[in-house]
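One structure below.
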Amino acid sequence: MTNIDQVNFSGKRVIVRVDFNVPLDDNFNITDDTRMRAAMPTLQKVLKDNGMLIIMSHLGRPKKNPDPKYSVKPLVKHLEELIGKKVIFVDDCMKAAEAIKNMKAGEVMLLENLRFYAEEEGKPRGVEKGEPGYDEAKKEVKAAQKEFTKTLASYADYYINDAFGTAHRAHASTALIADYFDADHKMYGYLMGKEVAAVDKVMNDIKHPFTAIMGGSKVSTKIEIIENLLTKVDNLILCGGMTYTFKKALGGKIGNSICEDDKLDLALDILAKAKEKGVNLVLAIDCVCGDKFANDANTQIVDPMNIPEGWEGMDIGPKTRELFANVIKGSKTILWNGPCGVFEFDTFAEGSKAIAMAIAEATKTGAFSLIGGGDSVACINKFNLADQVSYVSTGGGALLEAIEGKELPGIAAIKK
Ligand code: AMP
(Lines give C-alpha, C1' and ligand atoms only; values in the text may rest on other atoms or scores of the structure.)
Protein backbone atom coordinates (compact mmCIF):
# COMPACT_ATOMS: atom_id res chain seq x y z
CA MET A 1 0.00 0.00 0.00
CA THR A 2 1.24 3.47 -0.85
CA ASN A 3 1.88 5.92 1.95
CA ILE A 4 1.01 9.53 1.14
CA ASP A 5 4.41 10.67 2.39
CA GLN A 6 6.14 8.53 -0.25
CA VAL A 7 4.54 10.45 -3.10
CA ASN A 8 5.53 13.76 -4.64
CA PHE A 9 2.39 15.14 -6.31
CA SER A 10 4.24 17.85 -8.24
CA GLY A 11 2.34 18.68 -11.43
CA LYS A 12 -0.11 15.79 -10.86
CA ARG A 13 -3.89 15.87 -10.67
CA VAL A 14 -5.00 14.54 -7.32
CA ILE A 15 -8.63 13.86 -6.44
CA VAL A 16 -9.28 13.78 -2.69
CA ARG A 17 -12.50 12.47 -1.14
CA VAL A 18 -13.04 14.44 2.04
CA ASP A 19 -15.89 14.54 4.52
CA PHE A 20 -17.04 18.17 4.39
CA ASN A 21 -20.47 17.20 5.65
CA VAL A 22 -20.48 20.12 8.07
CA PRO A 23 -23.50 21.55 9.87
CA LEU A 24 -24.86 24.78 8.35
CA ASP A 25 -27.33 27.24 9.88
CA ASP A 26 -30.34 28.68 8.01
CA ASN A 27 -28.11 31.32 6.41
CA PHE A 28 -25.62 28.69 5.20
CA ASN A 29 -22.99 29.64 7.77
CA ILE A 30 -20.82 26.77 8.95
CA THR A 31 -21.55 26.16 12.63
CA ASP A 32 -18.77 23.61 13.21
CA ASP A 33 -15.83 23.30 10.81
CA THR A 34 -14.09 20.40 12.60
CA ARG A 35 -14.44 18.12 9.58
CA MET A 36 -12.96 20.68 7.22
CA ARG A 37 -10.01 21.34 9.49
CA ALA A 38 -9.45 17.60 9.92
CA ALA A 39 -8.78 17.25 6.17
CA MET A 40 -6.32 20.14 5.97
CA PRO A 41 -3.05 18.20 6.47
CA THR A 42 -3.82 16.05 3.41
CA LEU A 43 -4.95 18.97 1.26
CA GLN A 44 -1.90 21.00 2.28
CA LYS A 45 0.41 18.11 1.43
CA VAL A 46 -0.83 18.03 -2.18
CA LEU A 47 -0.41 21.80 -2.46
CA LYS A 48 2.99 21.83 -0.81
CA ASP A 49 4.12 19.40 -3.53
CA ASN A 50 2.62 21.76 -6.13
CA GLY A 51 -0.02 19.28 -7.25
CA MET A 52 -3.44 20.10 -8.71
CA LEU A 53 -5.96 19.55 -5.95
CA ILE A 54 -9.49 18.38 -6.77
CA ILE A 55 -11.67 18.10 -3.68
CA MET A 56 -14.93 16.15 -3.61
CA SER A 57 -17.43 15.60 -0.80
CA HIS A 58 -21.04 14.99 0.05
CA LEU A 59 -23.15 17.30 2.18
CA GLY A 60 -26.38 16.16 3.80
CA ARG A 61 -28.91 14.01 2.03
CA PRO A 62 -30.03 15.79 -1.15
CA LYS A 63 -32.86 14.17 -3.08
CA LYS A 64 -32.43 15.82 -6.48
CA ASN A 65 -29.90 17.48 -8.75
CA PRO A 66 -29.34 20.31 -8.07
CA ASP A 67 -30.67 20.73 -4.53
CA PRO A 68 -29.51 24.25 -3.51
CA LYS A 69 -30.12 23.58 0.19
CA TYR A 70 -27.28 21.07 0.07
CA SER A 71 -24.83 22.86 -2.22
CA VAL A 72 -21.21 22.84 -1.06
CA LYS A 73 -20.77 26.32 -2.59
CA PRO A 74 -21.25 28.03 0.82
CA LEU A 75 -18.09 26.21 1.96
CA VAL A 76 -15.87 27.84 -0.65
CA LYS A 77 -15.09 31.03 1.28
CA HIS A 78 -14.13 29.21 4.46
CA LEU A 79 -12.13 26.65 2.49
CA GLU A 80 -10.19 29.50 0.89
CA GLU A 81 -9.44 30.90 4.35
CA LEU A 82 -8.31 27.55 5.70
CA ILE A 83 -6.20 26.65 2.71
CA GLY A 84 -4.91 30.15 1.96
CA LYS A 85 -5.70 29.92 -1.78
CA LYS A 86 -8.43 30.74 -4.24
CA VAL A 87 -10.78 27.81 -4.86
CA ILE A 88 -12.29 27.06 -8.26
CA PHE A 89 -15.87 25.87 -7.75
CA VAL A 90 -17.45 23.53 -10.31
CA ASP A 91 -21.24 23.40 -9.91
CA ASP A 92 -21.68 19.92 -11.40
CA CYS A 93 -19.33 17.13 -10.37
CA MET A 94 -19.89 15.35 -13.70
CA LYS A 95 -18.97 18.40 -15.79
CA ALA A 96 -15.53 19.23 -14.47
CA ALA A 97 -13.33 17.72 -17.22
CA GLU A 98 -12.77 21.00 -19.10
CA ALA A 99 -12.00 23.03 -15.97
CA ILE A 100 -9.64 20.32 -14.75
CA LYS A 101 -7.82 20.29 -18.09
CA ASN A 102 -7.16 24.00 -17.61
CA MET A 103 -5.91 23.67 -14.03
CA LYS A 104 -2.38 24.71 -13.22
CA ALA A 105 -0.04 23.23 -10.64
CA GLY A 106 -0.87 24.46 -7.14
CA GLU A 107 -4.53 25.25 -7.95
CA VAL A 108 -7.50 24.05 -5.92
CA MET A 109 -10.92 22.95 -7.11
CA LEU A 110 -14.04 21.99 -5.18
CA LEU A 111 -16.65 19.86 -6.93
CA GLU A 112 -20.35 20.31 -6.19
CA ASN A 113 -22.02 17.84 -3.81
CA LEU A 114 -21.50 14.30 -5.11
CA ARG A 115 -24.87 13.22 -3.77
CA PHE A 116 -26.71 15.46 -6.19
CA TYR A 117 -26.34 12.34 -8.33
CA ALA A 118 -28.13 9.17 -7.16
CA GLU A 119 -25.20 7.31 -8.72
CA GLU A 120 -22.91 8.37 -5.87
CA GLU A 121 -24.76 6.16 -3.39
CA GLY A 122 -26.11 3.78 -6.03
CA LYS A 123 -29.58 4.04 -4.49
CA PRO A 124 -32.65 4.75 -6.62
CA ARG A 125 -34.62 7.92 -5.93
CA GLY A 126 -38.37 8.36 -5.66
CA VAL A 127 -39.03 4.67 -5.02
CA GLU A 128 -38.47 2.88 -1.75
CA LYS A 129 -37.26 -0.67 -1.19
CA GLY A 130 -40.19 -3.09 -1.42
CA GLU A 131 -42.25 -0.77 -3.67
CA PRO A 132 -43.08 -1.75 -7.26
CA GLY A 133 -40.33 -0.76 -9.69
CA TYR A 134 -37.61 -0.62 -7.04
CA ASP A 135 -35.55 -3.52 -8.42
CA GLU A 136 -35.54 -2.09 -11.97
CA ALA A 137 -34.68 1.39 -10.66
CA LYS A 138 -31.86 -0.08 -8.61
CA LYS A 139 -30.50 -1.95 -11.62
CA GLU A 140 -30.59 1.26 -13.63
CA VAL A 141 -28.80 3.37 -11.06
CA LYS A 142 -26.18 0.69 -10.52
CA ALA A 143 -25.49 0.58 -14.27
CA ALA A 144 -25.21 4.38 -14.39
CA GLN A 145 -22.95 4.30 -11.33
CA LYS A 146 -20.16 2.73 -13.40
CA GLU A 147 -20.09 5.73 -15.77
CA PHE A 148 -20.31 8.16 -12.86
CA THR A 149 -17.38 6.52 -11.07
CA LYS A 150 -15.33 6.32 -14.25
CA THR A 151 -15.86 10.02 -14.90
CA LEU A 152 -14.68 10.97 -11.39
CA ALA A 153 -11.65 8.70 -11.77
CA SER A 154 -10.81 10.21 -15.16
CA TYR A 155 -10.20 13.59 -13.51
CA ALA A 156 -7.00 12.60 -11.74
CA ASP A 157 -3.70 10.74 -11.66
CA TYR A 158 -4.03 9.97 -7.96
CA TYR A 159 -6.93 9.15 -5.64
CA ILE A 160 -6.74 9.90 -1.93
CA ASN A 161 -9.46 8.88 0.49
CA ASP A 162 -9.49 11.05 3.61
CA ALA A 163 -13.16 10.60 4.48
CA PHE A 164 -13.20 8.13 7.35
CA GLY A 165 -16.72 9.26 8.26
CA THR A 166 -18.05 7.60 5.09
CA ALA A 167 -15.57 4.70 4.90
CA HIS A 168 -18.37 2.27 5.86
CA ARG A 169 -20.23 3.14 2.64
CA ALA A 170 -19.45 1.42 -0.67
CA HIS A 171 -20.22 4.57 -2.63
CA ALA A 172 -18.72 5.68 -5.94
CA SER A 173 -16.34 8.25 -4.45
CA THR A 174 -15.51 6.37 -1.24
CA ALA A 175 -14.79 2.90 -2.59
CA LEU A 176 -15.68 2.09 -6.22
CA ILE A 177 -13.43 4.80 -7.67
CA ALA A 178 -10.36 3.13 -6.15
CA ASP A 179 -10.65 0.30 -8.70
CA TYR A 180 -9.57 2.75 -11.41
CA PHE A 181 -6.23 3.43 -9.72
CA ASP A 182 -3.41 0.94 -9.20
CA ALA A 183 -1.78 0.46 -5.80
CA ASP A 184 0.83 3.17 -6.50
CA HIS A 185 -1.83 5.76 -7.27
CA LYS A 186 -4.32 5.40 -4.43
CA MET A 187 -3.84 5.92 -0.71
CA TYR A 188 -5.31 7.07 2.59
CA GLY A 189 -5.06 10.71 3.53
CA TYR A 190 -3.51 11.60 6.89
CA LEU A 191 -6.83 11.65 8.75
CA MET A 192 -7.90 8.30 7.35
CA GLY A 193 -4.47 6.85 8.16
CA LYS A 194 -4.72 8.01 11.77
CA GLU A 195 -8.23 6.62 12.15
CA VAL A 196 -7.26 3.25 10.68
CA ALA A 197 -4.19 3.04 12.94
CA ALA A 198 -6.29 3.89 16.03
CA VAL A 199 -8.87 1.23 15.22
CA ASP A 200 -6.09 -1.27 14.58
CA LYS A 201 -4.68 -0.66 18.06
CA VAL A 202 -7.95 -1.61 19.73
CA MET A 203 -8.91 -4.41 17.37
CA ASN A 204 -5.64 -6.13 16.50
CA ASP A 205 -2.61 -4.70 18.26
CA ILE A 206 -4.04 -4.91 21.77
CA LYS A 207 -2.01 -4.35 24.93
CA HIS A 208 -3.72 -6.02 27.90
CA PRO A 209 -5.60 -5.38 30.08
CA PHE A 210 -8.06 -4.10 27.50
CA THR A 211 -11.14 -2.33 28.85
CA ALA A 212 -14.11 -1.31 26.74
CA ILE A 213 -16.69 1.07 28.15
CA MET A 214 -19.98 0.85 26.30
CA GLY A 215 -22.73 3.26 27.21
CA GLY A 216 -25.59 5.03 25.52
CA SER A 217 -29.28 4.53 25.51
CA LYS A 218 -29.99 1.24 23.76
CA VAL A 219 -28.45 -2.21 23.90
CA SER A 220 -30.10 -3.11 20.57
CA THR A 221 -27.88 -0.65 18.65
CA LYS A 222 -24.71 -1.92 20.33
CA ILE A 223 -25.24 -5.67 20.31
CA GLU A 224 -22.88 -6.53 17.45
CA ILE A 225 -20.15 -4.38 18.96
CA ILE A 226 -20.55 -5.95 22.38
CA GLU A 227 -20.43 -9.44 20.89
CA ASN A 228 -17.25 -8.65 18.97
CA LEU A 229 -15.65 -6.98 21.99
CA LEU A 230 -16.36 -10.03 24.17
CA THR A 231 -13.80 -11.91 22.08
CA LYS A 232 -11.13 -9.26 22.74
CA VAL A 233 -11.50 -7.44 26.05
CA ASP A 234 -10.51 -8.29 29.60
CA ASN A 235 -13.02 -5.87 31.11
CA LEU A 236 -16.32 -4.75 29.67
CA ILE A 237 -17.96 -1.87 31.49
CA LEU A 238 -21.60 -1.51 30.48
CA CYS A 239 -23.20 1.75 31.51
CA GLY A 240 -25.82 4.32 30.51
CA GLY A 241 -29.48 3.77 29.78
CA MET A 242 -28.88 0.38 28.19
CA THR A 243 -27.93 -1.19 31.52
CA TYR A 244 -31.44 -0.95 32.98
CA THR A 245 -32.42 -3.66 30.50
CA PHE A 246 -29.75 -5.83 32.15
CA LYS A 247 -30.91 -4.93 35.67
CA LYS A 248 -34.51 -5.77 34.80
CA ALA A 249 -33.45 -9.03 33.18
CA LEU A 250 -31.66 -9.91 36.43
CA GLY A 251 -34.87 -9.38 38.37
CA GLY A 252 -34.29 -5.77 39.42
CA LYS A 253 -36.93 -3.08 39.89
CA ILE A 254 -36.02 -0.21 37.57
CA GLY A 255 -38.85 2.29 38.09
CA ASN A 256 -39.23 4.55 35.05
CA SER A 257 -35.72 3.91 33.71
CA ILE A 258 -35.44 3.32 29.97
CA CYS A 259 -35.60 -0.33 29.08
CA GLU A 260 -35.96 -2.49 25.99
CA ASP A 261 -38.37 -5.14 27.19
CA ASP A 262 -37.85 -7.26 24.09
CA LYS A 263 -34.12 -7.45 24.80
CA LEU A 264 -34.21 -9.02 28.27
CA ASP A 265 -33.13 -12.44 26.97
CA LEU A 266 -30.43 -10.82 24.91
CA ALA A 267 -29.07 -9.11 28.03
CA LEU A 268 -28.94 -12.44 29.87
CA ASP A 269 -27.27 -14.01 26.88
CA ILE A 270 -24.55 -11.30 26.91
CA LEU A 271 -23.95 -11.88 30.63
CA ALA A 272 -23.63 -15.63 30.04
CA LYS A 273 -21.27 -15.17 27.11
CA ALA A 274 -19.05 -12.83 29.13
CA LYS A 275 -18.83 -15.47 31.86
CA GLU A 276 -18.06 -18.21 29.37
CA LYS A 277 -15.25 -16.13 27.86
CA GLY A 278 -13.82 -15.08 31.19
CA VAL A 279 -14.55 -11.39 30.56
CA ASN A 280 -14.95 -9.24 33.66
CA LEU A 281 -18.31 -7.60 32.88
CA VAL A 282 -18.81 -4.63 35.17
CA LEU A 283 -22.21 -3.09 35.87
CA ALA A 284 -23.17 -0.16 38.09
CA ILE A 285 -23.63 -0.81 41.83
CA ASP A 286 -25.36 2.50 42.53
CA CYS A 287 -27.10 5.07 40.40
CA VAL A 288 -28.32 8.63 40.48
CA CYS A 289 -31.99 8.68 39.70
CA GLY A 290 -34.29 11.59 39.01
CA ASP A 291 -38.03 12.12 39.43
CA LYS A 292 -38.27 13.52 35.89
CA PHE A 293 -36.14 13.61 32.73
CA ALA A 294 -34.78 17.11 33.29
CA ASN A 295 -31.75 18.93 34.63
CA ASP A 296 -33.74 20.31 37.58
CA ALA A 297 -35.11 16.91 38.61
CA ASN A 298 -34.95 15.93 42.27
CA THR A 299 -32.29 13.28 42.68
CA GLN A 300 -31.41 10.42 44.96
CA ILE A 301 -28.73 7.73 44.93
CA VAL A 302 -30.10 4.22 44.98
CA ASP A 303 -29.29 0.59 44.21
CA PRO A 304 -29.94 0.17 40.44
CA MET A 305 -31.65 -3.14 41.24
CA ASN A 306 -34.15 -1.30 43.41
CA ILE A 307 -35.19 1.99 41.87
CA PRO A 308 -38.34 3.44 43.47
CA GLU A 309 -41.55 3.77 41.44
CA GLY A 310 -41.74 7.15 39.67
CA TRP A 311 -37.94 7.55 39.51
CA GLU A 312 -35.54 6.79 36.67
CA GLY A 313 -31.85 5.96 36.60
CA MET A 314 -29.99 8.75 34.79
CA ASP A 315 -26.35 8.45 35.87
CA ILE A 316 -23.98 6.17 37.76
CA GLY A 317 -23.55 6.83 41.49
CA PRO A 318 -20.37 7.69 43.44
CA LYS A 319 -19.47 4.08 44.34
CA THR A 320 -19.77 3.08 40.68
CA ARG A 321 -17.66 6.05 39.60
CA GLU A 322 -14.90 4.73 41.82
CA LEU A 323 -15.40 1.13 40.71
CA PHE A 324 -15.26 2.04 36.99
CA ALA A 325 -12.35 4.45 37.46
CA ASN A 326 -10.26 1.76 39.15
CA VAL A 327 -10.84 -0.70 36.31
CA ILE A 328 -10.02 1.97 33.74
CA LYS A 329 -6.86 3.13 35.51
CA GLY A 330 -5.53 -0.44 35.54
CA SER A 331 -5.87 -0.78 31.75
CA LYS A 332 -3.37 -0.56 28.90
CA THR A 333 -5.91 -0.29 26.07
CA ILE A 334 -9.20 1.59 26.46
CA LEU A 335 -12.13 2.03 24.14
CA TRP A 336 -15.04 4.28 25.08
CA ASN A 337 -18.30 4.53 23.19
CA GLY A 338 -21.42 6.03 24.71
CA PRO A 339 -21.95 8.17 27.83
CA CYS A 340 -22.83 6.53 31.14
CA GLY A 341 -25.65 8.93 31.91
CA VAL A 342 -27.68 11.77 30.51
CA PHE A 343 -24.54 13.89 30.32
CA GLU A 344 -26.34 16.66 28.43
CA PHE A 345 -27.88 17.62 31.83
CA ASP A 346 -25.14 18.82 34.22
CA THR A 347 -26.99 17.17 37.11
CA PHE A 348 -26.39 13.78 35.49
CA ALA A 349 -22.95 14.38 33.93
CA GLU A 350 -20.74 13.46 36.90
CA GLY A 351 -20.47 9.79 35.96
CA SER A 352 -19.41 10.45 32.36
CA LYS A 353 -16.98 13.07 33.64
CA ALA A 354 -15.44 10.56 36.06
CA ILE A 355 -14.97 8.08 33.20
CA ALA A 356 -13.40 10.75 30.99
CA MET A 357 -11.03 11.75 33.79
CA ALA A 358 -10.03 8.16 34.54
CA ILE A 359 -9.30 7.59 30.84
CA ALA A 360 -7.18 10.76 30.74
CA GLU A 361 -5.26 9.57 33.79
CA ALA A 362 -4.66 6.09 32.35
CA THR A 363 -3.49 7.68 29.10
CA LYS A 364 -1.00 9.80 31.02
CA THR A 365 0.54 6.64 32.42
CA GLY A 366 0.91 4.98 29.02
CA ALA A 367 -2.43 3.43 28.07
CA PHE A 368 -3.77 3.80 24.54
CA SER A 369 -7.28 5.28 24.59
CA LEU A 370 -9.72 5.60 21.71
CA ILE A 371 -12.95 7.55 22.13
CA GLY A 372 -15.57 7.66 19.44
CA GLY A 373 -18.99 7.13 18.04
CA GLY A 374 -21.65 9.81 18.16
CA ASP A 375 -22.22 11.25 21.60
CA SER A 376 -18.93 10.11 23.12
CA VAL A 377 -17.13 12.86 21.22
CA ALA A 378 -19.56 15.54 22.44
CA CYS A 379 -19.14 14.09 25.92
CA ILE A 380 -15.31 14.24 26.02
CA ASN A 381 -15.45 17.75 24.52
CA LYS A 382 -17.89 18.88 27.21
CA PHE A 383 -15.25 18.05 29.82
CA ASN A 384 -12.40 19.58 27.76
CA LEU A 385 -10.45 16.34 27.89
CA ALA A 386 -10.18 15.54 24.17
CA ASP A 387 -6.48 16.45 24.12
CA GLN A 388 -5.75 14.17 27.07
CA VAL A 389 -6.74 10.90 25.43
CA SER A 390 -4.84 9.10 22.68
CA TYR A 391 -7.35 9.51 19.89
CA VAL A 392 -10.84 10.92 19.38
CA SER A 393 -12.35 9.42 16.25
CA THR A 394 -14.17 11.62 13.72
CA GLY A 395 -16.15 8.69 12.38
CA GLY A 396 -19.49 7.88 14.02
CA GLY A 397 -21.06 5.00 12.09
CA ALA A 398 -17.76 4.11 10.43
CA LEU A 399 -16.02 3.68 13.77
CA LEU A 400 -18.87 1.60 15.17
CA GLU A 401 -18.82 -0.73 12.16
CA ALA A 402 -15.05 -1.08 12.45
CA ILE A 403 -15.43 -2.06 16.12
CA GLU A 404 -18.11 -4.54 15.13
CA GLY A 405 -15.27 -6.23 13.26
CA LYS A 406 -16.54 -5.39 9.77
CA GLU A 407 -14.13 -4.52 6.99
CA LEU A 408 -15.01 -1.01 5.81
CA PRO A 409 -15.40 -0.74 2.00
CA GLY A 410 -13.49 2.57 1.89
CA ILE A 411 -10.51 0.98 3.59
CA ALA A 412 -10.66 -2.32 1.70
CA ALA A 413 -10.71 -0.47 -1.64
CA ILE A 414 -7.40 1.25 -0.93
CA LYS A 415 -5.78 -1.96 0.31
CA LYS A 416 -6.73 -3.93 -2.85
P1 AMP B 1 -26.46 6.30 22.05
O2 AMP B 1 -26.91 7.18 20.91
O3 AMP B 1 -27.18 4.99 22.11
O4 AMP B 1 -24.98 6.18 22.16
O5 AMP B 1 -26.97 7.06 23.36
C6 AMP B 1 -26.50 8.30 23.77
C7 AMP B 1 -27.56 8.94 24.61
O8 AMP B 1 -27.86 8.10 25.70
C9 AMP B 1 -27.17 10.28 25.21
O10 AMP B 1 -27.92 11.29 24.61
C11 AMP B 1 -27.53 10.13 26.69
O12 AMP B 1 -28.24 11.23 27.20
C13 AMP B 1 -28.41 8.92 26.69
N14 AMP B 1 -28.40 8.22 27.98
C15 AMP B 1 -27.34 7.79 28.68
N16 AMP B 1 -27.73 7.26 29.85
C17 AMP B 1 -29.07 7.37 29.91
C18 AMP B 1 -30.05 7.01 30.86
N19 AMP B 1 -29.71 6.43 32.01
N20 AMP B 1 -31.34 7.28 30.59
C21 AMP B 1 -31.69 7.87 29.43
N22 AMP B 1 -30.81 8.22 28.47
C23 AMP B 1 -29.51 7.97 28.71
Seminar exercise, completed: Straight-line reach check, LYS48, cutoff 20 Å on alpha carbons, 8 or more apart in-chain or any other chain, hits among aspartates and glutamates -> ASP5, GLU80, GLU81, GLU107, ASP157, ASP162, ASP184
Exercise. Which value in nm describes the separation of the simple spin-label points at MET305 and MET1, placed 7 Å from the Cα toward the beta carbon?
Worked result: 4.6
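Hey, can you find the accessible area per residue of segment 338-416 for me, probe 1.4 Å, expressed in square angstrom? Don't skip to the answer; put the middle values down first.
On the way: 3000 Å² over 79 residues.
With all protein chains present, segment 338-416 gives 38 Å² per residue.
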For this session: Give the ranking of GLU312, GLU276, GLU81, GLU350 by solvent-accessible surface, highest area first, calculated with a 1.4 Å probe.
Result: GLU276, GLU81, GLU350, GLU312
Exercise. Which is the longest part of the chain that has none of the chymotrypsin sites (Phe, Trp or Tyr not before Pro) sitting in a DSSP loop with at most 15 other Cβ atoms within 10 Å?
Worked result: 29-292
Exercise. Per-residue HN-Hα couplings for segment 188-203, Karplus 6.51 cos²θ - 1.76 cosθ + 1.60 at θ = phi - 60°, whole Hz, x for Gly and Pro?
Worked result: 7, x, 4, 5, 4, x, 5, 5, 5, 5, 5, 5, 4, 5, 9, 9
Seminar exercise, completed: Helix-only [θ] at 222 nm, the chain, -39500 (n - 2.57) per DSSP H run of 4+, per residue, nearest 500, equals -10000 deg cm²/dmol
Problem set entry | Charge dipole (debye, nearest 20) of the chain; +1 at Cβ of Lys and Arg, -1 at Cβ of Asp and Glu | 1000
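Rounded to the nearest 5, what is the percent of antiparallel bridges among the DSSP beta bridges in segment 206-403? Numbers along the way, then the final one.
Details: 8 of 28 bridges.
If I count the DSSP bridges inside segment 206-403, around 30 percent turn out antiparallel.
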Problem set entry | Protein accessible area in segment 1-143, 1.4 Å probe - carbon and sulfur % | 48
Exercise. Counting only residues 5 or more places away or on other chains, whose amide H sits under 5 Å from the amide H of MET314 once H atoms are built in the peptide plane?
Worked result: VAL288, CYS289, GLY290
Problem set entry | Dipole magnitude of segment 121-202, debye to nearest 20 (Cβ charges: Lys/Arg +1, Asp/Glu -1, about Cα centre) | 160
Exercise. Counting pairs of alpha carbon atoms under 8 Å apart in space and at least six apart in sequence, what relative contact order in percent does the chain give?
Worked result: 15
Exercise. With every protein chain kept in the model, how would you rank GLU147, GLU227 by accessible area, 1.4 Å probe, largest at the top?
Worked result: GLU147, GLU227
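Could you work out the local net charge near ALA413, counting Lys and Arg as +1, Asp and Glu as -1, over the other residues with Cβ closer than 13 Å to its Cβ? Don't skip to the end; give the middle numbers.
Details: positive: ARG17, ARG169, LYS186, LYS415, LYS416; negative: ASP179, ASP182, GLU407.
Residues close to ALA413 contribute a combined charge of +2.
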Exercise. Carbon and sulfur atoms: what percent of the 1.4 Å accessible area of segment 206-403 do they account for?
Worked result: 49
Problem set entry | Average accessible surface area per residue within segment 4-194, 1.4 Å rolling probe, Å² | 46
For this session: Taking the chain as the reference, fit the longest principal axis to its C-alpha atoms, fit the long axis of helix 34-48 to the helix C-alpha atoms, and give the angle between the two in degrees, 0 to 90, nearest 10.
Result: 40
For this session: Name the lysines eligible as straight-distance cross-link partners of LYS364: C-alpha to C-alpha under 26 Å, and not fewer than 8 places from it in the same chain.
Result: LYS194, LYS201, LYS207, LYS232, LYS319, LYS329, LYS332, LYS353, LYS382
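Would you kindly state how much longer the chain becomes between GLU322 and SER220 on full extension, computed as 0.36 nm times their sequence separation minus their alpha carbon distance, in nm to one decimal?
On the way: separation 102, 0.36 × 102 = 36.72 nm, distance 2.73 nm.
Length gained between GLU322 and SER220: 34.0 nm.
Take every DSSP beta bridge whose two residues both sit in the chain, then give the antiparallel share in percent to the nearest 5. The partial results should precede the final answer.
Details: 9 of 48 bridges.
Bridges in the chain that DSSP calls antiparallel: roughly 20 percent.
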Exercise. For LYS69, LYS86, LYS150, what's the largest-to-smallest order of accessible area, 1.4 Å probe?
Worked result: LYS86, LYS69, LYS150
Exercise. Does anyone have the angle between helix 134-154 and the longest principal axis of the chain? Alpha-carbon axes, 0 to 90°, nearest 10?
Worked result: 60
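The values are calculated or read from the model by the stated rules, or taken from the named source; none is laboratory data. What you are looking at is a predicted structure, and each value in this text was computed from that prediction instead of being measured. Every residue, glycine as well, gets a Cβ built from its backbone with ideal geometry; the counts of neighbours run over all protein chains shown. All accessible areas refer to the heavy atoms of the entire protein, side chains included, with ligands and DNA or RNA removed. Shrake-Rupley method; radii C 1.70, N 1.55, O 1.52, S 1.80 Å.
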